[in-house]
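What follows is one structure encoded as structure tokens, with my remarks underneath.
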Amino acid sequence: MNPNNRWIKMADAIPWEQFEQKYARLFKGKKGNVAKPLRLALGALIIQTKYQYSDRELVEQLTENPYYQYFIGLPGYQEEPPIDASTLVLFRKRLKLDIIMEANEYMLAATNNKADEDESHDDDTTPPTSGAGAPDADEEETSDNKGTLMIDATCAPANIRYPQDFSLLNEAREKLETMIIRFCKSYGLARPRMYRRQARKNYLALAKTKKRSSKKIRATIRKQLSYVNRDIKYLEVFMADGYAPTKKEISLFLTIYKLFEQQNYMYKNKVHSVPERIVSITQPWLRPIVRGKTKTPVEFGAKFDLSLDDNGYGRIEKISYDAYNESTVLIDTINRFKERTGHYPERVLADQIYRTRDNRHFCKSHRIRLSGPKLGRPSETAKEDKRQEYQDNTDRIEVERTFSLSKRCYGMGLIRTKLEETTLTSIALSVFVTNLFKIQARILFALFLLVQNLWKRPADFQSEAI
């Protein structure tokens with residue numbers, strides 16, 4: 001195998017042993033089958049996040065590619081599949097958001113420590129002499145604040161159909177009918193009249209219409225509400241008589257019942273919003289997130305705040321399925337920055353929504369420069385402030401670039417997992433893999449610059465550097 005292959009280099013650079021020790025804490029019992037190692041679980045998910053393979057396709061790729069097998073820690077090449085496709089679901093359930101973010105924090109801390117050691121080694125070997133390269137006395141007296149903190153919020157949309165009221169009611173009606181038929185077959189009950197053909201015909205009459213008037217939409221919603229209400233009453237009668245539903249049917253029935261109440265409230269009050277609105281029956285925890293973008297003004301998924309340090313490595317500061325105000329996250333993010341580095345940042349690059357009075361007062365009291373225009377009348381340094389504001393906006397583009405990279409290349413643009421906890425795991429994996437490949441790219445770029453500089457030096461300096 002080629003030792004210069006990127007997967008071999010990445011496998012040798014990741015501290016698997018430290019991750020394995022923390023992963024072992026999840027298994028407190030000593031009975032049962034031996035769990036799969038972390039390198040196999042996390043390595044497979046890293047490959048899947050990189051290329052967006054499905055679970056079955058990932059198993060095929062792991063079986064065919066020897067470099068993938070080395071990356072996930074197999075002792076040698078084997079033609080048998082190392083795992084089943086269903087095992088990947090267990091990996092995503094086990095490696096939750098906090099575990100992935102802990103591994104991300106450990107990896108970034110090890111990378112920063114190694115970079116600091118390399119810088120200190122370079123300073124010891126080539127100390128600056130007096131002249132242009134020597135530090136002045138004024139430069140030695142630096143402030144306690146160092147570095148830059150960038151923060152912004154985005155949404156990771158889920159792979160669901162665009163929610164429409166009459167479409168959600170039709171889906172709820174079909175699922176209720178399936179439950180009623182199952183009840184009748186299992187317990188030998190007479191099947192009640194459900195008007196299935198009429199309900200389907202009523203739904204298709206609106207779904208196939210190109211121009212949908214508000215009057216026709218309300219008429220269709222009214223009929224679909226009546227069909228759903230009738231089916232709910234049938235099931236309530238069955239359960240009152242002592243016929244028990246299955247575990248999945250209980251959660252599904254409660255979701256549909258809540259959906260019916262929300263749709264009935266919006267229909268009677270002629271409104272289009274309701275608290276904790278259900279937009280997907282199979283994923284009822286998803287909420288509409290208003291983004292205000294031209295292409296997608298509303299997205300349906302998890303909203304989270306991402307912070308970037310000086311090196312451009314990301315960390316998830318807060319994540320939630322419910323919409324929240326991003327300005328409440330800034331102070332906690334700055335405090336966590338101080339816990340990691342031991343000092344406050346010199347400047348914080350954030351959007352306008354973060355520039356509240358409380359956040360401005362906190363930054364001013366800790367000598368942190370918050371990007372954006374100052375409050376009040378223009379001062380004497382108005383031109384310099386505008387120039388600094390323009391530079392801050394230019395530097396803040398790095399956050400948008402990271403969002404674009406994660407959504408285009410690492411699966412954050414469309415989350416395909418279906419469970420509540422695995423969706424958060426997929427988002428955390430996207431951030432983790434983005435940082436991982438950034439580190440690898442910078443290592444390769446640094447080696448390229450090193451080789452390029454060696455060829456420009458004299459022969460005696462080349463032998464010493466080697």
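Here are THR341, THR333, THR356: which of them is of a type in the set (Val, Ile, Thr) and farther than 22 Å from ALA109 by Cβ?
Within the list THR341, THR333, THR356, the selection yields THR356.
Every residue, every condition in (1) under 17 Å from the mean Cα position of the chain (by Cα); (2) among the hydrophobic types (A, V, I, L, M, F, W, C), yes or no:
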| site | (1), (2) |
| --- | --- |
| THR246 | no, no |
| MET266 | no, yes |
| LYS270 | no, no |
| GLY314 | yes, no |
| SER320 | yes, no |
| TYR324 | yes, no |
| LEU330 | no, yes |
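Name the one entry in LYS201, LYS216, LYS270, LYS247 that is on the phi > 0 side of the Ramachandran plot and either in contact with a Lys or Arg (Cβ under 6 Å, 6 or more places away or on another chain) or free of Cβ contacts under 8 Å to residues at least 24 places away in the same chain (or both).
Criteria check complete, one pass: LYS270.
Suppose we keep only residues that are touching a helix residue (DSSP H, G or I) at 6+ places or on another chain (Cβ under 6 Å) and in a helix (DSSP H, G or I) within region 236-251. Which one would you say is surrounded by the most Cβ atoms within 10 Å (Cβ to Cβ)?
PHE238
State whether one or more residues within region 286-295 are of a type in the set (A, V, I, L, M), in a helix (DSSP H, G or I), in contact with a Phe, Trp or Tyr (Cβ under 6 Å, 6 or more places away or on another chain) and surrounded by 12 or more Cβ atoms within 10 Å (Cβ to Cβ).
no
Being out of contact with any Leu (no Cβ under 8 Å at 6 or more places or on another chain) and part of a loop (DSSP other than H, G, I, E, B) is the filter here; which residues of region 312-349 pass it?
Listed by number, the residues that qualify are GLY312, ASP322, ALA323, TYR324, ASN325, GLY342, HIS343, TYR344, GLU346.
Pull out all pairs, ordered by first then second residue, where Cβ-Cβ is under 7 Å, the residues are six or more apart or on different chains, the first lies in region 371-388 and is assigned by TED's automatic domain parsing to the domain that holds GLN352 and at positive phi, and the second is surrounded by 12 or more Cβ atoms within 10 Å (Cβ to Cβ) and outside any loop (DSSP other than H, G, I, E, B).
Hits for this filter: GLY372/GLU389.
When region 367-399 is examined, which residues are found to be surrounded by 11 or more Cβ atoms within 10 Å (Cβ to Cβ), in a loop (DSSP other than H, G, I, E, B) and among the basic types (Lys, Arg)?
Hits for region 367-399 are ARG367, LYS374, ARG396.
Are any residues in region 389-405 more than 23 Å from HIS343 (Cα to Cα) and in contact (Cβ under 8 Å) with a residue 60 or more places away in the chain, and if so, which ones?
If the condition is that a residue be more than 23 Å from HIS343 (Cα to Cα) and in contact (Cβ under 8 Å) with a residue 60 or more places away in the chain, then GLU400, THR402, PHE403 are the ones that fit.
Quick check on my filter: what residues within region 221-238 are without any contact (Cβ under 8 Å) to a residue 12 or more places away in the chain and either under 21 Å from GLN164 (Cβ atoms) or of a type outside the set (D, E, K, R) (or both)?
SER226, VAL237
Given region 3-118, what helices (runs of 4 or more DSSP H) lie entirely inside it while holding 2 or more residues that are among the acidic types (Asp, Glu)?
16-23, 55-64
Which ones in region 350-366 are exposed (fewer than 11 other Cβ atoms within 10 Å of the Cβ) and in contact (Cβ under 8 Å) with a residue 12 or more places away in the chain?
GLN352, the sole residue that qualifies.
The values are calculated or read from the model by the stated rules, or taken from the named source; none is laboratory data. These figures come from a predicted structure and were not determined experimentally. Quick reminder, even Gly has a Cβ in these numbers, built from the backbone with ideal geometry, and neighbours come from all protein chains shown.
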